[in-house]
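In what follows, a structure is listed as structure tokens, so that the remarks can point back to it.
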Amino acid sequence: MNVRSLMSHSALFVEPATTVADAARIMLANRVSGLPVLDPAGKLVGVITEGDLLRRAELGTEGKQPGWLKAFLIPSSAAADYVATHGRHVDEVMTRNPLWVTPETELAEAANLMLKRHIKRLPVLDKLKLTGVISRSDLLRLLARRLIAQPADCTDEAITAYIIHEIRHARWAPRSGIKIGVKDKIVNVEGTIFSDEERAAIICIAENAPGVKDVQDHLTYVDPGSGLAFPAA
């Protein structure tokens, strides 16, 4: 699945000369956490986000004044900090050289970018022109739809096959000793596991099988150090 299938096509944007006040009003009115910044030629030159506006003199959150040593040795850095917390126009406070994706970027890649770089929205460029935005909320909406979607009617045999297939392809899972029984779409899991994490993951696989109504845990925990066995509670 790629970004094109999920992105918002009506991408709002501001220009570098837009005032910070107007940018904030647009974000609030449209309930978005950030906006792409396009120059008059339509080129993406930055993004302005809630994070860019957290440190502001108006809020008393601009932080401490730079020490005399920093102000003396690198006055340009101290001056840049002042502009970032006091600037009145978007180009003074925006994040430059922003990350972006294309409509053909895989959703997994876009999600990883948002997670690793701690960002909520990515501009989508098609031939270097803004064509949309993909956000964490877009991914959340897709997740919600899939979580509540009613699965197609599955037989007990199909449920069993799904669970066995998933366990066999999970690198962490025990390679033997796990037995799966399914009757009337209720899964009974038996066998031996060696950690609480293995138990939780195997139960998770069973719960995710399409059509499952309930999962009964009869796994036995064996302590790797002592060899003592503890049946499921």
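Restricting to lysine pairs 8 or more places apart or on different chains, what number in region 3-145 have Cα atoms under 29 Å apart?
Within region 3-145, the lysine pair count is 9.
Among SER5, ALA84, SER137, which residue has its Cα furthest toward the positive end of the charge dipole of the chain, with +1 on Lys/Arg Cβ and -1 on Asp/Glu Cβ?
ALA84
Here are some values of Cα Rg over 2.2 N^0.38 Å: (i) 1.50; (ii) 1.04; (iii) 1.09. Which one was computed from this structure?
(i)
Spin-label point model (7 Å from Cα, Cβ direction): what's the THR61 to GLU106 distance in nm?
It is 3.7 nm.
Which length gain, in nm to one decimal place, applies between GLU207 and ALA170 when the Cα-Cα distance is subtracted from 0.36 nm times their residue separation?
Net length gain for the segment: 11.8 nm.
Between ALA161 and GLU50, 0.36 nm times their residue separation minus their Cα-Cα distance comes to what?
Gain on extension, ALA161 to GLU50, equals 35.2 nm.
Which whole-number percent gives the relative contact order of the chain, counting Cα pairs below 8 Å spaced six or more residues apart?
It comes to 16 percent, rounded to a whole number.
Once you have the Cα-Cα distance between ALA80 and LEU115, take 0.36 nm times their residue separation minus that, and quote the gain in nm to one decimal.
9.8 nm
Charges at C-beta only: +1 for Lys and Arg, -1 for Asp and Glu. How large is the resulting dipole of region 156-230 about its Cα centre, in Debye rounded to 20?
Charge dipole, region 156-230, about its Cα centre: 220 debye, nearest 20.
Just so you know, all these numbers are worked out from the coordinates, no wet-lab data involved. All values derive from a computational prediction rather than experimental measurement. All Cβ positions, glycine included, derive from the backbone under ideal geometry; neighbour counts span all protein chains shown.
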